[in-house]
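Worksheet: one structure, shown below.
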Ligand SMILES: [Zn+2]
């Protein structure tokens, strides 16, 4: 899934959490938490930058491993859960307690969405390195190209044909509708 889908997913997860638990927060705090939810919905993918730095390219050529980014520590769900819970337990105010919960819930929306797309997530790390996905767990995408434009052109064509793309569009539209209603 691409960044806009993850941002929308984080927003929806944060919105659902606040809607269901109804914390006593000022409207500005509520909005800040939704902003953080969008950030943490995307945050695990910052490892993409490390991955591109490691292969020293902005696209993948023949023989390169294009899954390394999913195996960085930012894609290990338990770390985000522990970070969120730590903030929650040490927080002195309702706002920071919710900030902790947002870290957990929004980052996990990311992992759920990554689990419906091809490669999957190491949900059980550090107990197991097994990659879990709805289908095709651990199957690598086979796009390789000789240039930046060729790679991303092939990527886009392939991506538009996936169900993941339609889920992403649906998430973004739902997030926009909710955003303008609150
Ligand atoms: Zn990801």
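Only the coordinates and a few stated rules stand behind these numbers; no lab work does. Since the model is a prediction, treat every value here as computed from it, not as a measurement. Neighbour counts run over all protein chains shown; Cβ positions are idealised from the backbone, glycine included.
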Taking the chain and counting helices only, DSSP H stretches of n ≥ 4 at -39,500 (n - 2.57) each over all residues, the nearest-500 ellipticity at 222 nm comes to -20500 deg cm²/dmol
Contour minus Cα-Cα span, residue 135 to residue 30, at 0.36 nm per residue, comes to 34.2 nm
Checking rank on 75-83, 162-170, 103-111, with mean other Cβ inside 10 Å and highest first, the result is 103-111, 75-83, 162-170
By the C-alpha gyration tensor axes a ≥ b ≥ c (rounded if a/c is under 1.5, else prolate when a/b exceeds b/c, else oblate), the shape of the chain is prolate
Contour minus Cα-Cα span, residue 2 to residue 154, at 0.36 nm per residue, comes to 53.2 nm
Full extension between residue 181 and residue 95 adds, at 0.36 nm per residue less the Cα distance, a length in nm of 28.7 nm
